[in-house]
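Notes follow once the structure below has been shown.
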Amino acid sequence: MTTSDRIAALAAFFSCSPEEAAKVDAATRLVHYRHKDILAHQGDLGAKLWIVLEGRAQLQIIGMDGQTKLLAAHGPGELFGAFPHERIVISDIVMQNRLLVLEIPTAKMTTLLQEDARLGSGLSRILGRQYNAVLDRMAARITMTANGRVYAELLHEV
C-alpha cells in the first residue's frame, strides 16, 4: 500500500482533508499480521491504537468457564486498542485472517486529536458506529438463540 493510498484511506476514515490525514499517516506505521497472530494478551499493558485497513481482528476473552468468548471483531474502517490513555488490555487480540493496520501510539493519537478538531470529529463518528455495533451484538445475545446469532453474524458479514 502506497503512502497516497494510506492518506486517502485515512481521509475517508476520519472524514478529513488529505493534509490532515497526512499528519496521522506520519505518526503511524503500516503493519501486516498473519492469520492467528496474537497482537496482545489479556492483562498486557495497551499503549497503541490500530486502524484496520484490511482483514479482521477479534477480541477474545476467557470466560469463567474457561471457554474463549468473542467480545468484538474489528474490520476495515474501524479502530481498536488503548484510548484515550494507556490501559490494561481486557482481551486477547487475535487476527482472524491476514490483517493490515496502521499502528499509532495512544499518546501520539491523543496529541493529534487535541491539535485538530476535525480529526476528533471524525473519530467520534467512527466510535459511534462501533458503539452501535456493540449494542446490536448485545441485543442479539440477549434476544436470539445461538442459531439466530450465527445467522445474524453471517448476514452482517455480507
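The values are calculated or read from the model by the stated rules, or taken from the named source; none is laboratory data. The model shown is predicted, which means the values in this text are computed figures rather than measured ones. Ideal geometry is used to build each Cβ from the backbone, glycine not excepted, and the neighbour counts take in all protein chains shown. Only protein heavy atoms, including side chains, enter the accessible area calculation; ligands, DNA and RNA are left aside. Shrake-Rupley method; radii C 1.70, N 1.55, O 1.52, S 1.80 Å.
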task: Please specify each residue of the stretch 59-75 satisfying the condition of being out of contact with any Leu (no Cβ under 6 Å at 6 or more places or on another chain) and under 20 Å from residue 13 (Cα atoms).
output: 73, 74, 75
- line: Exactly one of 42, 96, 60 is open to solvent by 20 Å² or more (accessible area, probe 1.4 Å), touching a residue at least 40 places away in the same chain (Cβ under 8 Å) and touching a Lys or Arg at 6+ places or on another chain (Cβ under 9 Å), and that residue is 96
query: Does the stretch 99-114 hold any residues that are touching a residue at least 24 places away in the same chain (Cβ under 8 Å) and open to solvent by 80 Å² or more (accessible area, probe 1.4 Å), and which are they?
result: 108
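One line per residue, one yes/no per condition, for (1) at pLDDT below 95; (2) of a type in the set (A, V, I, L, M):
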| residue | (1), (2) |
| --- | --- |
| 26 | no, yes |
| 44 | no, no |
| 50 | no, no |
| 57 | no, yes |
| 63 | yes, no |
| 77 | yes, no |
| 98 | yes, no |
| 102 | no, yes |
| 107 | no, yes |
query: Take the residues of the stretch 1-39 that are under 23 Å from residue 95 (Cα atoms) and assigned to a loop (DSSP other than H, G, I, E, B): which is most open to solvent (accessible area, probe 1.4 Å)?
result: 34
field: Only one of 96, 67, 58, 42 that is within 12 Å of the chain's Cα centre (by Cα) and polar (S, T, N, Q)
entry: 58
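Output the residues belonging to the stretch 45-57 that are outside any strand (DSSP E or B) and open to solvent by less than 30 Å² (accessible area, probe 1.4 Å).
Answer for the stretch 45-57, where residues must be outside any strand (DSSP E or B) and open to solvent by less than 30 Å² (accessible area, probe 1.4 Å): just 55.
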message: Show me the strands (runs of 3 or more DSSP E) entirely contained within the stretch 73-122 in which 2 or more residues are among the β-branched types (Val, Ile, Thr).
response: 92-95, 99-105
query: Any idea which residue in the stretch 121-158 is surrounded by the fewest Cβ atoms within 10 Å (Cβ to Cβ), counting only those that are over 16 Å from the mean Cα position of the chain (by Cα) and either closer than 16 Å to residue 84 by Cβ or among the β-branched types (Val, Ile, Thr) (or both)?
result: 158
- prompt: Could you say whether any residue in the stretch 42-58 is touching a Ser or Thr at 6+ places or on another chain (Cβ under 7 Å) and not aliphatic (A, V, I, L, M)?
  reply: yes
